[in-house]
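J.: Quick one: this structure, given as structure tokens, is what I'll be asking you about.
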Amino acid sequence: MSMLARFAPAALAAAALFSSAGLWAADVSTAGLSATGNKPANPSVGTHAPADSRQTAARVDQSLAAELSGGAATSPGAGAAAKSAKQAAPRTDDETFLRRVSLDLVGDSPSPEEITAFALDASSDKRAKAVERLLADRRFGENWARYWRDVIMYRRTDERAQIVSPTLVEYLTKQFNRNTPWSEIARAFITAKGDVREAGETALIMAQMGQAPEIAAETARIFMGMQIQCAQCHDHPTDRWKRKQFHELAAFFPRIAIRPVPTADKRSFEVVSRDGPPLLRQGPGKDRPNRAPEHYMPDLKDPSAKGTRMQPVLFVTGQKLDEGKSDAARREALAEWLSAKKNPWFAKAFVNRIWAEMVGEGFYEPVDDLGPDRACSAPKTLDILATAFATREYDVKWLYRTIATTEAYQRESRSRREPGEAGPFSANCPQPLRADQLYNALTSALGIQEPNILPSRGGNANPMALLRGPRGEFNRTFGFDPSERRDEVASSIPQALVMMNSPVVNRALNARNAQSVLGQVLAQTKDDEAVATELYLRCLAREPKPQELKTCLTHVRESGNRAAAFEDILWALVNSTEFLHRK
């Protein structure tokens with residue numbers, strides 16, 4: 001607060017008033033979403049009915065209750081877990097559930113009209129209908145495309161890789177909205193070729209600039225949740241994986257190359273296969289190949305030596321590929337083996353990530369550090385969910401629907417537990433909004449129109465324009481690696497400055513701007529209580545509590561300037577902890 005005071009003294013006065021009403025507390029109520037009950041435009045793979053998700057969700061809740069009450073000896077903290085199971089948080093109120101599921105599935109807050117419609121819906125299945133509507137929303141694919149963009153691009157090795165980001169989002173948006181099985185998406189990333197500005201599936205390879213060891217490490221991390229890169233120079237210090245196994249995985253990728261695209265109208269790169277003989281260097285060392293068509297494990301005792309030629313082997317299953325195969329044959333084999341049901345870690349890695357995003361805590365944490373030597377908080381429950389996901393051919397929307405149906409997801413939120421405290425999943429955990437979610441919530445609450453500048457496939461629009469625009473500014477300032485634990489994501493002074501000084505936000509907060517939401521609401525509504533309620537609905541997806549409403553009206557009355565007072569109120573709302581988080 002004192003830091004903010006130096007930058008926004010006028011707004012601080014309003015913020016101080018609101019602190020007593022709970023807007024700056026970590027555990028204030030949230031809400032959000034509609035229940036129009038439309039059928040999904042793109043049915044799930046296999047056309048599994050919602051009843052299937054309800055049945056699996058019930059099994060998940062039953063298994064969790066058993067494991068966390070001491071039924072699973074392998075679960076860490078069994079005593080605390082047993083106590084936690086008896087003291088599980090109750091089901092959250094409709095308002096909180098609605099905002100939570102809206103932000104989780106489509107990355108945006110609901111409109112006041114949607115909130116009202118949901119509140120008036122007396123049907124017992126309105127939560128399930130809301131989930132179906134959101135899964136059919138175009139924004140579902142876009143929200144999760146941006147999530148996976150961050151998973152892939154935050155570990156990039158070269159800034160030039162950013163050129164693929166817009167096309168990656170476009171590609172994944174289509175795949176998720178079509179409900180393409182996760183196995184097909186993974187295979188597309190592993191076997192990708194082509195111009196990175198036209199083929200978004202090249203992002204994984206482009207992010208690592210075609211380097212075999214880096215691609216191998218990211219493939220294992222993203223698609224199996226395993227940190228095998230720790231075995232690159234020595235046997236893994238805390239897992240069973242050996243140095244040889246890492247380099248056997250890298251042997252699937254040595255024939256990939258990143259090549260500049262020589263055109264006059266755009267700057268780009270393409271992913272190509274290099275199956276021919278190695279090119280010789282020019283100048284000193286010209287007798288050495290520029291890049292070998294095979295992968296060699298370096299000799300630690302003699303780094304100048306050629307090393308040991310490695311045969312492609314998938315370390316988790318032991319499946320081997322004959323030596324000398326083409327680039328396409330290697331990557332296609334790996335993609336098939338990695339995504340097969342024979343490899344349980346493929347399903348577990350995806351389920352663990354999505355569960356962690358929606359419930360607030362993963363079965364394994366961090367979400368990209370799984371393995372047979374890692375502690376799982378509820379292994380039997382994870383097996384149930386991962387096995388069902390694989391049995392349903394990696395049906396992505398089925399998984400989201402199932403998790404959203406569980407009691408574990410629908411519980412009230414509590415502050416994230418510390419190691420050794422009450423057991424996991426006794427409550428949902430608050431999450432700081434990802435940068436894109438925050439920007440969406442701001443544009444919805446303040447009525448900001450965002451231009452659609454995403455280039456179509458094959459288009460020549462400059463992808464860097466997305467990075468320099470308002471959304472790009474929020475991504476640079478508020479962005480974080482989604483693989484990090486959420487309690488390790490810290491707020492910063494630059495974030496506070498963006499919220500206070502961004503021209504986009506300031507224009508929208510200006511009550512004298514007739515085009516702003518606030519200006520329009522004040523012009524159309526003379527009842528101050530109605531104005532305050534409208535702002536709460538837009539920002540927090542709920543009506544103000546009695547004390548909050550009293551604080552608002554007192555501030556308006558004492559300020560002597562209705563427009564300026566409501567500017568303060570709106571500023572305080574969008575800067576509150578409740579707005580910046582989802583519960």
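The values are calculated or read from the model by the stated rules, or taken from the named source; none is laboratory data. What you see is a predicted model, and the numbers here were worked out from it, not measured in a lab. Reconstructed Cβ throughout: ideal geometry from the backbone, glycine too, with neighbour counts over all protein chains shown.
J.: Count, please, the residues in the stretch 430-448 that happen to be crowded, with 21+ Cβ neighbours inside 10 Å and touching a strand residue (DSSP E or B) at 6+ places or on another chain (Cβ under 8 Å).
T.: Of the stretch 430-448, the ones crowded, with 21+ Cβ neighbours inside 10 Å are 430-431, 434-442, 445.
Okay, now just the ones that are also touching a strand residue (DSSP E or B) at 6+ places or on another chain (Cβ under 8 Å), so 430-431, 437.
Counting residues in the stretch 430-448 that are crowded, with 21+ Cβ neighbours inside 10 Å and touching a strand residue (DSSP E or B) at 6+ places or on another chain (Cβ under 8 Å) gives 3.
J.: What tally of residues in the stretch 121-146 results from selecting those that are among the hydroxyl-bearing types (Ser, Thr, Tyr) and either closer than 16 Å to ALA404 by Cα or crowded, with 21+ Cβ neighbours inside 10 Å (or both)? Steps first, please.
T.: Within the stretch 121-146, the first condition is being among the hydroxyl-bearing types (Ser, Thr, Tyr), and the residues that meet it are 123-124.
Subset that is either closer than 16 Å to ALA404 by Cα or crowded, with 21+ Cβ neighbours inside 10 Å (or both): 124.
Of the residues in the stretch 121-146, 1 are among the hydroxyl-bearing types (Ser, Thr, Tyr) and either closer than 16 Å to ALA404 by Cα or crowded, with 21+ Cβ neighbours inside 10 Å (or both).
J.: THR381 - would you say it is buried (at least 24 other Cβ atoms within 10 Å of the Cβ) and modelled with pLDDT of 95 or more?
T.: Details: buried (at least 24 other Cβ atoms within 10 Å of the Cβ): yes; modelled with pLDDT of 95 or more: yes.
The answer is yes for THR381.
J.: Let me ask another. Within the stretch 388-415, track down each residue that is crowded, with 24+ Cβ neighbours inside 10 Å, more than 19 Å from the chain's Cα centre (by Cα) and among the basic types (Lys, Arg).
T.: Scanning the stretch 388-415 gives no hits.
J.: Among the residues of the stretch 309-358, write down those that are without any contact (Cβ under 8 Å) to a residue 40 or more places away in the chain and hydroxyl-bearing (Ser, Thr, Tyr).
T.: The one that is without any contact (Cβ under 8 Å) to a residue 40 or more places away in the chain and hydroxyl-bearing (Ser, Thr, Tyr): THR317.
J.: So which of ARG155, ARG100 ends up being assigned to a helix (DSSP H, G or I) and either within 14 Å of the chain's Cα centre (by Cα) or under 24 Å from VAL367 (Cα atoms) (or both)? Give the derivation first.
T.: Values: ARG155 fails: assigned to a helix (DSSP H, G or I).
Among ARG155, ARG100, only ARG100 is assigned to a helix (DSSP H, G or I) and either within 14 Å of the chain's Cα centre (by Cα) or under 24 Å from VAL367 (Cα atoms) (or both).
J.: At pLDDT 95 or above, among the hydroxyl-bearing types (Ser, Thr, Tyr) and surrounded by 24 or more Cβ atoms within 10 Å (Cβ to Cβ): is that true of THR202 in this structure? Break it down stepwise before answering.
T.: Working: at pLDDT 95 or above: yes; among the hydroxyl-bearing types (Ser, Thr, Tyr): yes; surrounded by 24 or more Cβ atoms within 10 Å (Cβ to Cβ): yes.
When the stated conditions are applied, THR202 passes them.
J.: Given the residues ALA122, ALA130, which is the only one that is more than 23 Å from ALA250 (Cα to Cα) and out of contact with any Ser or Thr (no Cβ under 8 Å at 6 or more places or on another chain)?
T.: Details: ALA130 fails: out of contact with any Ser or Thr (no Cβ under 8 Å at 6 or more places or on another chain).
Among ALA122, ALA130, only ALA122 is more than 23 Å from ALA250 (Cα to Cα) and out of contact with any Ser or Thr (no Cβ under 8 Å at 6 or more places or on another chain).
J.: If you don't mind, another one. Taking the stretch 210-237 as the region of interest, how many residues are modelled with pLDDT under 95 and out of contact with any helix residue (DSSP H, G or I) (no Cβ under 8 Å at 6 or more places or on another chain)?
T.: 1
J.: If you don't mind, there's one more thing I want to ask. Of all residues in the stretch 292-319, which are among the acidic types (Asp, Glu) and more than 27 Å from TRP345 (Cβ to Cβ)? If you could, list the steps in order and put the result at the bottom.
T.: Kept after step one, since they are among the acidic types (Asp, Glu), are these residues of the stretch 292-319: 294, 299, 302.
Scanning the stretch 292-319 gives ASP299, ASP302.
J.: Could you tell me which residue of the stretch 400-420 is modelled with the lowest pLDDT, considering only residues that are part of a loop (DSSP other than H, G, I, E, B) and hydroxyl-bearing (Ser, Thr, Tyr)? I'd like the intermediate steps shown before the answer.
T.: First pass over the stretch 400-420, keeping only residues part of a loop (DSSP other than H, G, I, E, B): 406, 412, 414-420.
Still in the running and hydroxyl-bearing (Ser, Thr, Tyr): 406, 415.
Values: THR406: 97, SER415: 85.
Among those that are part of a loop (DSSP other than H, G, I, E, B) and hydroxyl-bearing (Ser, Thr, Tyr), it is SER415.
J.: Still on this structure: Looking at the structure I just gave you, is GLU393 of a type outside the set (A, V, I, L, M, F, W, C) and within 22 Å of VAL101 (Cα to Cα)? Spell out the reasoning first.
T.: Details: of a type outside the set (A, V, I, L, M, F, W, C): yes; within 22 Å of VAL101 (Cα to Cα): no.
For GLU393, the condition - of a type outside the set (A, V, I, L, M, F, W, C) and within 22 Å of VAL101 (Cα to Cα) - is not met.
J.: Take ALA356 and tell me if it is part of a helix (DSSP H, G or I), out of contact with any helix residue (DSSP H, G or I) (no Cβ under 6 Å at 6 or more places or on another chain), buried (at least 21 other Cβ atoms within 10 Å of the Cβ) and at pLDDT 95 or above.
T.: yes
J.: In addition: Please state which one of THR554, THR577 is within 28 Å of ARG411 (Cβ to Cβ) and of a type in the set (Val, Ile, Thr).
T.: Residue meeting the stated conditions: THR577.
J.: Give the number of residues within the stretch 170-182 that are surrounded by fewer than 24 Cβ atoms within 10 Å (Cβ to Cβ), in contact (Cβ under 8 Å) with a residue 40 or more places away in the chain and in a helix (DSSP H, G or I).
T.: Residues in the stretch 170-182 being surrounded by fewer than 24 Cβ atoms within 10 Å (Cβ to Cβ), in contact (Cβ under 8 Å) with a residue 40 or more places away in the chain and in a helix (DSSP H, G or I): 3 in total.
J.: Any idea how many residues of the stretch 464-522 are in contact (Cβ under 8 Å) with a residue 40 or more places away in the chain, hydrophobic (A, V, I, L, M, F, W, C), buried (at least 18 other Cβ atoms within 10 Å of the Cβ) and closer than 24 Å to ARG155 by Cβ?
T.: Residues that pass the stated criteria total 2.
J.: Does GLY423 count as more than 19 Å from the chain's Cα centre (by Cα), at pLDDT below 70 and assigned to a loop (DSSP other than H, G, I, E, B)? Quick ask: steps written out before the conclusion?
T.: Details: more than 19 Å from the chain's Cα centre (by Cα): yes; at pLDDT below 70: no; assigned to a loop (DSSP other than H, G, I, E, B): yes.
The answer is no for GLY423.
J.: In the stretch 109-120, which residues are surrounded by fewer than 23 Cβ atoms within 10 Å (Cβ to Cβ) and either touching an Asp or Glu at 6+ places or on another chain (Cβ under 9 Å) or on the phi > 0 side of the Ramachandran plot (or both)?
T.: Within the stretch 109-120, the subset surrounded by fewer than 23 Cβ atoms within 10 Å (Cβ to Cβ) is 111-114, 116-117, 119-120.
If the condition is that a residue be surrounded by fewer than 23 Cβ atoms within 10 Å (Cβ to Cβ) and either touching an Asp or Glu at 6+ places or on another chain (Cβ under 9 Å) or on the phi > 0 side of the Ramachandran plot (or both), then PRO112, ALA119 are the ones that fit.
J.: Now a separate question. So if I check each of LYS526, LYS545, which one is in contact (Cβ under 8 Å) with a residue 40 or more places away in the chain and either surrounded by fewer than 18 Cβ atoms within 10 Å (Cβ to Cβ) or over 29 Å from the mean Cα position of the chain (by Cα) (or both)? Spell out how you get there, then give the answer.
T.: Numbers: LYS526 fails: in contact (Cβ under 8 Å) with a residue 40 or more places away in the chain.
So the residue among LYS526, LYS545 that is in contact (Cβ under 8 Å) with a residue 40 or more places away in the chain and either surrounded by fewer than 18 Cβ atoms within 10 Å (Cβ to Cβ) or over 29 Å from the mean Cα position of the chain (by Cα) (or both) is LYS545.
J.: Here's something else I'd like to know. Do you know which residues across the stretch 158-207 are under 17 Å from the mean Cα position of the chain (by Cα) and basic (Lys, Arg)?
T.: The answer is LYS174, and nothing else.
J.: Considering every residue within the stretch 160-168, establish whether at least one is surrounded by 23 or more Cβ atoms within 10 Å (Cβ to Cβ) and either free of Cβ contacts under 8 Å to residues at least 40 places away in the same chain or closer than 23 Å to GLU393 by Cα (or both).
T.: Taking every residue of the stretch 160-168 in turn, at least one turns out to be surrounded by 23 or more Cβ atoms within 10 Å (Cβ to Cβ) and either free of Cβ contacts under 8 Å to residues at least 40 places away in the same chain or closer than 23 Å to GLU393 by Cα (or both).
J.: Return a yes/no flag: does the stretch 366-379 have any residue that is on the phi < 0 side of the Ramachandran plot and not in a loop (DSSP other than H, G, I, E, B).
T.: Taking the stretch 366-379 first, the residues on the phi < 0 side of the Ramachandran plot are 366-370, 372-379.
Checking which are not in a loop (DSSP other than H, G, I, E, B) leaves us with 379.
Yes: one or more hits.
J.: In addition: Picking from ALA347, ALA340, which residue would you name as being surrounded by fewer than 23 Cβ atoms within 10 Å (Cβ to Cβ), in contact with a Phe, Trp or Tyr (Cβ under 8 Å, 6 or more places away or on another chain) and at pLDDT 95 or above? Spell out how you get there, then give the answer.
T.: Numbers: ALA347 fails: surrounded by fewer than 23 Cβ atoms within 10 Å (Cβ to Cβ).
Only one candidate passes the filter, namely ALA340.
J.: Any residue in the stretch 260-289 that is at negative phi and modelled with pLDDT of 80 or more sitting within a Cβ distance under 6 Å of a residue that is of a type in the set (Lys, Arg) and part of a loop (DSSP other than H, G, I, E, B)? List the pairs, counting only those 6 or more apart or interchain.
T.: Pairs that qualify, where the first residue is at negative phi and modelled with pLDDT of 80 or more and the partner is of a type in the set (Lys, Arg) and part of a loop (DSSP other than H, G, I, E, B), are SER268/ARG197; VAL271/LYS193; SER273/ARG255; ARG274/ARG255; ASP275/ARG255.
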